[in-house]
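Only one structure is covered here, and it is reproduced in the block below.
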Amino acid sequence: MRQSFLTVIVLAILGFSCASAIKETDEEQFISNLLSKMTLEEKIGQLHQITSQWEMTGPAPATGSAQYYLEHLKTGKVGSMLNVTGAAATLKAQKLVVENSRLGIPLIFGYDVIHGYQTMFPVPLGEAASWNPELLKLSASIAAKESAAAGLHWTFAPMMDVGRDPRWGRVMEGAGEDPYLATVLSVARVEGFQGDDLNNDLTIAACAKHFAGYAFVEAGRDYNITTINDKTLHNVVLPPFKAAAEAGALTFMNAFNTIQGLPATANTYIQRDLLKDKWDFDGFIVSDWNSIGEMVAHGAAEDLKRAAELAINAGSDMDMEGNAYIAHLKQLVEDGKVDEKLIDDAVKRVLRAKYRLGLFEDPYRYSDSTREKSIINAPENHEAARKVARESMVLLKNEGSLLPIKSDIKSIAVIGPLADDKDTPLGNWRAKAIKGSAVSLLEGVKAAVGDQIDISYAKGCDLTTSAGTFFTELEFINNDKSGFAKAIATAKKADLVLLAIGENCHQSGEGRSQTDISLKGVQMELFNEIIKVNPNVAVILMNGRPMIINEIAEKAPAILETWFGGSQTGHAIADVVFGKYNPSGKLPMTFPRSVGQIPIYYNNMNTGRPGPNEDVFWSHYTDEKNSPLYPFGYGLSYTTFSYGDLKVDKVSEQEVSVEVTVTNTGSLAGEEVAQLYIRDKVATLVRPLKELKGFQKVMLETGASQKISFTLTEKDLGYYNNQGKWVVEAGEFDIMVGGSSETTLKETISLSFEKGI
Ligand code: NOJ
């Protein structure tokens, strides 16, 4: 057994005689004993989280020299650090704390491991398009393994904000617009990060964020206020979080936004009443980066001291980069503004997390440089990244079966600003990915064809004024067309063009809200020039959010949405375009026709004037259709599927069985995501026109049929009322099954069960 210095100290304090006693000791008893030895300053220290100064994922801290932080670490005034990475660095920081502070309570190291640590997987919105929870679990488990090997204990993921506004650059980090899909996939991610045993030193703690409502920032402008009604809060925003708590997510992160005027950080109702009391969550809540301090700017607190008081009383346990708790909590307790019992509760939560991660057994167990080298970037991690990436891709259009590329194609032109880009596929939240380490599309295509097909390449244009520019403002957009001539000539000579266009890697992400989500710069001009000289264009989109691509959808025969696909992007795209993998992705978020339609999402309510009518007095636009360009749940395959024999039967008045037969009617084997939607036709609070309540991904050989069964229970048939109470109302329900949210295959059933009314 590894026996650490810390173990010795803690054992000495607690009066145990051997390290194994710690393992055997009841968790709560251990924590309470330790807490009883702590001074108020030491307790507050556990609630203080600081960033390393050499990497920052938020605005630079206003105060604090390196010396200041060093002193805080040595004297037990810091409980956690973020942005310290690598076995050596974490070991160094941990030693500083463990060997110098009075109680030697280890730090917990957190980091934004959003879609991989160094082996990058597709951005979360892309992974969500796979509709395959097992795959997300796999990618999270590999991200956890690499992070744990780099000394980390905790990721600030998954983001489970249900997002309906693609102007908000952070939709890239979530699972899309639907609460059911987001719930299933977020839970899979939590399970992937945490594994079956948090004490296993190849798993890390997950963090359900941002609690709550952050994706509803008005007009898609990051950090803006939100206006969320109670019905939306309970039925759309909160369900994935509740499921994460039930799945054992060890931590939660609150949010920058206000909800109904109250900052999430000061929100007692969601943090204490719901999460900690009703949902029984026994982990801790970390603030978002200075979200405590930002309450002053919001106008919710007159100064940092008051902000600290509001936050701790509302249940925010750990202060990330706000310096509010460390500066003011002691005084607030002495002034009688904060009950020390609340601080004790917060500290216990933090200690509990450290205990479960095994840090009291050995604070250095994650920081092993030899292990780090063998795990990070291991070949099997990259194999998995390729598998996940190709399954995340969504075939949006494939007229005349341009894809998969036919055997008589002799020459391919790989064109576009992203065609040989080895960096963009890594996305924005790229943790420790090595710059330029992705397999580019051009590399992937070349590797796939060998000498058999002639491959030519032309960039055509750039997206930004210097390659890889940290995309922040429009002024960086590159409008230079001097590369067009070569691109046009290259396209002209080839049998087929793969045109890679989309977004700069930093165009989607935190702080990257946009009012215009069409393709920037001269990309559309390039597209139009290329298609003029060669109609056989397959557009390869690389982006982090739904985009406005009407013209491309109209003119290009084939479009493949590849998102930011991670380290193995080029190989994964090649697998799809050459037919080694038959695409199976389905959109987790609606693609609008215009920004003016936003927010546009499939599970909207009917209005009193749904139309269409002859006159103008119905709910519509006079200059745009109501329908999206591509709906939620949509995605093509190289084969075709039909749905039939829908059977909907009552098992009881509160349980319904649904059966449907899916048939592969095309000439290739392929996977299909069968989606089950319901509509509660009449209810006290009007219900959505469609709500996803189940899905199954099935593999079917050509000509094969499979019967798929679903069961709907009262958990699927009800909804939360405005008081957050679950109600089920009797009446008729439409049950719909198909390959996208626009399915029309339907049966109606009448149920008499009622609950909560
Ligand atoms: C701010 C972001 O909102 C949050 O998601 C992230 O985890 C923290 N910064 C830490 O980097």
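Assorted remarks:
- Selection within the range 355-407 - under 27 Å from VAL123 (Cα atoms) and among the basic types (Lys, Arg): ARG371, LYS373, ARG386, LYS387, ARG390, LYS397
- Matching residues, the range 594-619, being surrounded by 13 or more Cβ atoms within 10 Å (Cβ to Cβ) and over 22 Å from LEU181 (Cβ atoms): SER594, VAL595, PRO610, GLY611, TRP618, SER619
- Residues that are within 21 Å of VAL576 (Cβ to Cβ) and within 16 Å of the ligand (Cβ to nearest atom) within the range 112-135 comprise HIS115, GLY116, VAL123, PRO124, LEU125, listed in sequence order.
- Qualifying residue in the range 156-170 (condition: away from the ligand (no atom under 14 Å from the Cβ), more than 24 Å from TYR630 (Cβ to Cβ), open to solvent by less than 30 Å² (accessible area, probe 1.4 Å) and of a type in the set (A, V, I, L, M, F, W, C)): no
- Selected residue [more than 16 Å from the ligand (Cβ to nearest atom), open to solvent by 10 Å² or more (accessible area, probe 1.4 Å) and within 23 Å of LEU560 (Cβ to Cβ)] from LEU185, LEU138: LEU138
- Residue list for the range 414-437, restricted to those being buried (at least 24 other Cβ atoms within 10 Å of the Cβ), part of a loop (DSSP other than H, G, I, E, B) and not small (Gly, Ala, Ser): PRO417, LEU418, ASP421, ASN428, TRP429, ARG430
- Taken together, THR744, THR702 contain a single residue that is open to solvent by 20 Å² or more (accessible area, probe 1.4 Å), free of Cβ contacts under 8 Å to residues at least 60 places away in the same chain and assigned to a loop (DSSP other than H, G, I, E, B), which is THR744.
- When the helices (runs of 4 or more DSSP H) confined to the range 267-350 are screened for residues that are within 16 Å of the ligand (Cβ to nearest atom), those reaching at least 3 such residues are found at 294-298.
- Condition met for LYS693 (open to solvent by 40 Å² or more (accessible area, probe 1.4 Å) and either farther than 22 Å from THR183 by Cα or among the basic types (Lys, Arg) (or both)): no
- Scan of the range 722-738 for residues that are buried (at least 19 other Cβ atoms within 10 Å of the Cβ) and touching a Ser or Thr at 6+ places or on another chain (Cβ under 9 Å), ordered by number: GLU729, PHE733, ILE735, MET736, VAL737, GLY738
- Selection count where residues are open to solvent by 10 Å² or more (accessible area, probe 1.4 Å), assigned to a helix (DSSP H, G or I) and of a type outside the set (Asp, Glu), scope the range 234-249: 7
- Yes/no for LYS341 being within 30 Å of ASN290 (Cβ to Cβ), of a type in the set (D, E, K, R) and at pLDDT 95 or above: yes
- Note on the range 658-673: among residues that are farther than 14 Å from TYR180 by Cβ and within 27 Å of the chain's Cα centre (by Cα), the one that is most open to solvent (accessible area, probe 1.4 Å) is GLU671.
- Within the range 199-225, the set of residues being open to solvent by 40 Å² or more (accessible area, probe 1.4 Å), assigned to a loop (DSSP other than H, G, I, E, B) and away from the ligand (no atom under 16 Å from the Cβ) comprises ASN199, ASN200, LEU202.
- Counting only residues that are more than 16 Å from the ligand (Cβ to nearest atom) and assigned to a loop (DSSP other than H, G, I, E, B), the range 497-533 holds 12 of them.
- Any hit, the range 49-65, residues being part of a helix (DSSP H, G or I) and either out of contact with any Pro (no Cβ under 7 Å at 6 or more places or on another chain) or at pLDDT below 60 (or both): no
- Any chance LEU136 is touching a helix residue (DSSP H, G or I) at 6+ places or on another chain (Cβ under 6 Å) and of a type in the set (A, V, I, L, M, F, W, C): yes
- Candidate set: the range 22-48, residues that are part of a helix (DSSP H, G or I) and modelled with pLDDT under 75; chosen: the one surrounded by the fewest Cβ atoms within 10 Å (Cβ to Cβ): GLU24
The values are calculated or read from the model by the stated rules, or taken from the named source; none is laboratory data. Remember, it's a predicted structure, so these values are computed and weren't measured experimentally. Cβ coordinates were reconstructed from backbone atoms using ideal geometry, including for glycine residues, and neighbour counts include every protein chain displayed. Surface accessibility is based on the protein's heavy atoms, side chains included, excluding ligands, DNA and RNA. Shrake-Rupley method; radii C 1.70, N 1.55, O 1.52, S 1.80 Å.
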